[in-house]
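Below: the structure, in structure tokens.
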Amino acid sequence: MRRVLIYVFVVAMVVAGCSSGESGSTPDTGLPPNVDRCEELDPLVLDFLRSGLTVDDVVLPWGYSVKSTDYADVWIVTAGVESGGELDYGTWAIRAGTWPTDYVGAVTVDEIAAEISDFGANSDIIVTDATNGVYSAVACAIARLDAEGSG
């Protein structure tokens, strides 16, 4: 259900971009603009996220990071979340002194990340769906989920 809602949001954004005379997607992938900002998540960052997991049967097999332009030192990270044979994704914002090795703090961005980890209690990072980088990181995760689901 969650993926369906995200698809509806992505389609609505693409349609809105096209109707305003601007290109709402890249012609060859159908993904929103700036997805090329996604980088495969460094294993050190995955280990950092795993250190904050609060649910025993959760695995984070892969992820993507996008540098947010809203903060000088924050990266938006979306990781695959595997549990009970189901694969979805969770999104976090990570403040780092030196990326990807020196973490200052992290917060959860979505419901899944909040359900499986304890990041964010003492952080001054404020992130919403509109924060720069969130849309791109989530779009990369959806593309990865779709690719794995069709294979």
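The values are calculated or read from the model by the stated rules, or taken from the named source; none is laboratory data. Everything numeric in this text was worked out from a predicted model, so none of it was measured. Cβ coordinates were reconstructed from backbone atoms using ideal geometry, including for glycine residues, and neighbour counts include every protein chain displayed. With ligands, DNA and RNA removed, areas are computed over all heavy atoms of the protein, side chains included. Shrake-Rupley method; radii C 1.70, N 1.55, O 1.52, S 1.80 Å.
Worth pointing out:
- Residues that are part of a strand (DSSP E or B), among the β-branched types (Val, Ile, Thr) and open to solvent by less than 90 Å² (accessible area, probe 1.4 Å), drawn from the stretch 97-117: 98, 107, 108
- The sole residue among 53, 41, 60, 87 that is under 17 Å from residue 145 (Cβ atoms), open to solvent by 30 Å² or more (accessible area, probe 1.4 Å) and not charged (D, E, K, R) is 87.
- Test: residue 120 is loosely packed, with under 12 Cβ neighbours inside 10 Å and without any contact (Cβ under 8 Å) to a residue 40 or more places away in the chain: no
- Taking residues in the stretch 41-65 that are in contact (Cβ under 8 Å) with a residue 40 or more places away in the chain, and partners anywhere that are of a type in the set (Lys, Arg) and open to solvent by 40 Å² or more (accessible area, probe 1.4 Å), the pairs with Cβ atoms closer than 7 Å and at least 6 places apart or on different chains are 62/144.
- For the stretch 65-114, a tally of residues being under 15 Å from the mean Cα position of the chain (by Cα) and closer than 16 Å to residue 53 by Cβ returns 22.
- Residues of the stretch 120-151 that are in contact with a Phe, Trp or Tyr (Cβ under 6 Å, 6 or more places away or on another chain) and over 20 Å from residue 72 (Cα atoms): 140, 141.
- The condition of being free of Cβ contacts under 8 Å to residues at least 12 places away in the same chain, farther than 19 Å from residue 46 by Cβ and either outside any strand (DSSP E or B) or among the small types (Gly, Ala, Ser) (or both) holds for only one of 139, 130, that being 130.
- Test: residue 60 is of a type in the set (A, V, I, L, M) and at pLDDT 95 or above: yes
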